[in-house]
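Visitor: There's a structure below that I have some questions on.
Any read-out appearing in this document is the output of simple, stated calculations on the displayed coordinates, not a laboratory observation. Bear in mind the structure is a predicted one, so any value in this text is a computation, not a measurement. Virtual Cβ from ideal backbone geometry, glycine too; neighbours counted across all protein chains shown.
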Amino acid sequence: RISPYFFNAGLLCTGPILATLAGAYAETIVEARSSESNSNPLPEFEVLFGPAYKGIPFASTTALLLYTQHKIPVGFAYDRKEAKDHGEGGKMVGASVQGKKVVILDDVMTSGKAVRGAIDTVKENSGEIVGVIQALDREEVGQDGVSSTVKEVESLVGVGRVRSILKMRDLMAWLERNGMQKELEAMRDYWQKYGLKD
């Protein structure tokens with residue numbers, strides 16, 4: 001499928017933007033861990049994993065804000081797209097995920113292919129995935145054309161373990177409130193075909 005819109009996480013590249021995004025990731029994690037706000041809370045975890053390359057600053061800045069704003073001390077790790085044979089070597093960098101509970105930070109899931117790759121990477125390094133936090137939930141049907149990509153990924157990490165900062169319907173409502181009808185029209189057409197119907 002060809003989407004008429006693209007979530008460009010590469011533009012999230014200034015101090016103020018990263019601080020806001022990391023704060024939103026941290027708040028989403030804190031809320032997801034609270035049993036008061038949901039029946040299936042995110043379990044305690046030890047490492048944030050940011051898949052290369054865009055996920056690296058998300059993991060590092062979120063780990064920082066989890067500690068400075070919420071006193072939650074976690075490590076962060078990321079992978080290299082290519083293995084290194086000198087220095088610390090290997091494909092993994094940062095906190096060890098071996099035997100640890102890990103939360104993956106992602107920008108957006110469309111088909112879920114990238115996050116499945118991140119899940120495999122962490123598992124190959126003996127880590128246990130206990131959650132995925134994404135910036136934007138596109139709220140689209142997954143590869144089976146029926147259930148959502150989120151539900152497909154939850155089948156790998158646990159029900160209720162995929163959370164998002166923002167949902168597509170929130171973004172579309174914002175566009176409508178701000179008179180951006182041209183952008184919204186193509187999104188609505190696409191949504192009719194591939195959006196969740198719940």
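Visitor: Are there trypsin sites (Lys or Arg not before Pro) in the range 23-92 that DSSP puts in a loop and that have at most 10 other Cβ atoms within 10 Å, and which ones?
Guide: Here the trypsin sites (Lys or Arg not before Pro) that fit, given the DSSP loop and packing criteria, are Lys71.
Visitor: As I understand it, the dipole of the range 63-166 uses +1 on the Cβ of Lys and Arg and -1 on the Cβ of Asp and Glu, about the Cα centre. Which of Val103, Ser155, Gly142 lies farthest toward its positive end?
Guide: Val103
Visitor: Could you let me know the centre-to-centre spacing of the range 1-77 and the range 120-198, using Cα atoms, in angstrom?
Guide: 16 Å
Visitor: A further question follows. When the dipole is taken about the Cα centre of the range 9-167, and only Lys, Arg (+1) and Asp, Glu (-1) are charged at their Cβ, what size is it in debye, to the nearest 20? Write out the running numbers ahead of the final one.
Guide: On the way: 17 positive and 20 negative charges, 38 e Å.
The dipole of the range 9-167 has a size of about 180 debye.
Visitor: Also, quick follow-up: Using Cβ counts within 10 Å as a stand-in for footprinting exposure, how do Met180, Met92 rank, fewest first?
Guide: Met180, Met92
Visitor: Computed over the Cα atoms of the chain, what is the convex hull's projected area averaged over all directions, in nm²?
Guide: 12.3 nm²
Visitor: Further question: Compute the longest continuous run of the chain that contains no exposed GluC sites (Glu not before Pro); treat a site as exposed when its DSSP state is not H, G, I, E or B and it has at most 12 other Cβ atoms within 10 Å.
Guide: Details: sites that count: Glu36, Glu44, Glu88.
With GluC sites (Glu not before Pro) excluded where exposed in loops, the chain gives 89-198 as its longest stretch.
Visitor: Continuing with this model, one more query. Just from its helices, what would the mean residue ellipticity at 222 nm be for the chain, if runs of 4 or more DSSP H residues each count -39500 (n - 2.57) and the sum is divided by every residue, rounded to the nearest 500 deg cm²/dmol?
Guide: Helix-only estimate at 222 nm: -13000 deg cm²/dmol.
Visitor: In the range 123-198, which chymotrypsin sites (Phe, Trp or Tyr not before Pro) fall in coil by DSSP and have 12 or fewer other Cβ atoms within 10 Å? If you can, show how the numbers build up before the last one.
Guide: Values: sites: Trp174, Tyr190, Trp191, Tyr194; in loops: none.
Within the range 123-198, no chymotrypsin sites (Phe, Trp or Tyr not before Pro) qualify (loop, at most 12 other Cβ atoms within 10 Å).
Visitor: Considering the dipole of the chain built from charges on the beta carbon (Lys and Arg +1, Asp and Glu -1) around the Cα centre, which of Pro4, Leu175, Gly15 is farthest to its positive end?
Guide: Pro4
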